[in-house]
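First the structure, in the form of structure tokens, and then the observations on it.
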2 protein chains.
Amino acid sequence: MGTGCTSEAEALAAVRAFCAAWSRLDMLQIEALLAENVVYRNGPLPVIRSKAAVMDYIRGAGPFEEMKWELLNISVSENIVLTERVDHLVRNGKSATLPIMGAFEIADGQIVEWRDYFDLASYRAQFAQEKGL
Amino acid sequence: MGTGCTSEAEALAAVRAFCAAWSRLDMLQIEALLAENVVYRNGPLPVIRSKAAVMDYIRGAGPFEEMKWELLNISVSENIVLTERVDHLVRNGKSATLPIMGAFEIADGQIVEWRDYFDLASYRAQFAQEKGL
């Protein structure tokens with residue numbers, strides 16, 4: 001049950017399940033895959049610590065009408081899973097497409113650290129354009 | 001000699017060599033590891049195609065006094081290598097630290113596609129601050 005017990009197959013499975021849960025907007029499953037003490041580093045935005053704080057942030061960022069995490073590539077080394085994705089989302093009737101990579105550290109089948117890398121201005125510009133700005 | 005011939009070990013070795021070459025600012029080795037028809041997707045910046053165009057871009061982006069690609073995590077699946085890095089650099093006496101992930105597609109021991117993901121504004125702000133802006 002220690003943090004050294006996660007196999008590469010288990011780590012991959014956890015991250016694949018997390019991507020699938022996002023694509024269903026399955027908040028219960030997203031929450032289940034986060035460790036209590038998870039640390040979420042969301043690009044240049046402030047670091048968020050704890051499952052409760054991450055779930056508050058996710059709910060506050062939405063609600064999303066649609067979400068799809070398109071998984072381009074995924075690989076694992078020990079308990080670290082690296083992903084290359086395109087996240088597609090619709091929020092308040094506005095759609096955005098986000099090229100993104102993410103690193104996930106897994107312990108006991110849950111995500112203990114989640115680090116996403118993307119260009120924040122490119123993301124925000126898609127919402128601004130649709131408002132006519 | 002086809003593009004399907006690269007083993008995971010060869011793909012990892014090519015990317016490790018590329019990271020090491022950057023950390024020595026070894027332009028000849030950087031060039032040697034790029035395929036003639038390489039495609040370089042540098043975050044939100046314009047796509048660059050061909051080895052000659054990428055080398056022109058790299059030389060134009062510098063000259064760098066110092067560079068270190070700190071490799072936090074690396075993993076491979078087939079011929080795709082995913083990296084999580086912190087790139088440290090000094091240019092014109094100004095230093096910057098860039099949290100970044102990159103995906104590399106390898107064929108015949110060379111990089112045929114290189115895609116980096118990072119927050120461009122965070123990178124540029126480090127140079128702006130040092131100019132007193």
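The values are calculated or read from the model by the stated rules, or taken from the named source; none is laboratory data. A quick note: this is a predicted structure, and the numbers were derived from the prediction, not measured. Heads up, the Cβs are rebuilt from the backbone with ideal geometry, glycines too, and the neighbour counts pull from every protein chain shown. Quick note on the areas: whole protein, heavy atoms, side chains included, nothing else; ligands and nucleic acids left out. Shrake-Rupley method; radii C 1.70, N 1.55, O 1.52, S 1.80 Å.
Of note:
- Rounded to the nearest 500, the 222 nm mean residue ellipticity of the protein assembly as shown from helices alone is -10500 deg cm²/dmol, with -39,500 (n - 2.57) taken per DSSP H run of at least 4 residues.
- Solvent-accessible ranking of B:THR97, A:THR83, largest area first, probe 1.4 Å: B:THR97, A:THR83
- Sparsely packed GluC sites (Glu not before Pro) within segment B:68-99, loop by DSSP, other Cβ within 10 Å at most 14: B:GLU78
- Charge dipole (chain B, unit charges on Cβ, about Cα centre) - positive-most of B:SER7, B:GLN29, B:PHE118: B:PHE118
- Within segment B:73-91, the residues that become at least 50 Å² less accessible when every protein chain is included than when their own chain is isolated (1.4 Å probe; DNA, RNA and ligands ignored) are B:ASN73, B:SER75, B:LEU82, B:GLU84.
- Per-copy distances of the B:GLY60 label point, shortest first, in nm (7 angstrom along Cα→Cβ): 4.2
- Signed unit charges on C-beta, dipole axis of the protein assembly as shown, positive-most listed residue B:ILE100, B:ILE74, A:TYR57: A:TYR57
- The spread of Cα positions in chain A, taken along each principal axis and listed from longest to shortest, comes to 52, 29, 26 Å.
- Plainly put, the tip 7 Å out from Cα toward Cβ on B:ALA9 is 2.3 nm from that tip on each other copy, the closest given first.
- Solvent exposure ordering (accessible area, 1.4 Å, most first) of B:MET67, A:MET101: B:MET67, A:MET101
- Gaussian network model of chain B, springs between alpha carbon atoms under 10 Å - residue of B:LYS51, B:LYS94, B:LYS68 with greatest fluctuation: B:LYS94
- Rg over Rh, two decimals, the protein assembly as shown (C-alpha only, Kirkwood Rh): 0.97
- All Cα-Cα separations within segment A:48-125 were binned at 5 Å from zero, giving a P(r) of 3, 13, 19, 24, 23, 12, 4, 1, 0, each value a whole percent of the pairs.
- Across the identical copies, how the B:VAL47 labels are spaced - nm, sorted shortest first, 7 Å along Cα→Cβ: 3.6
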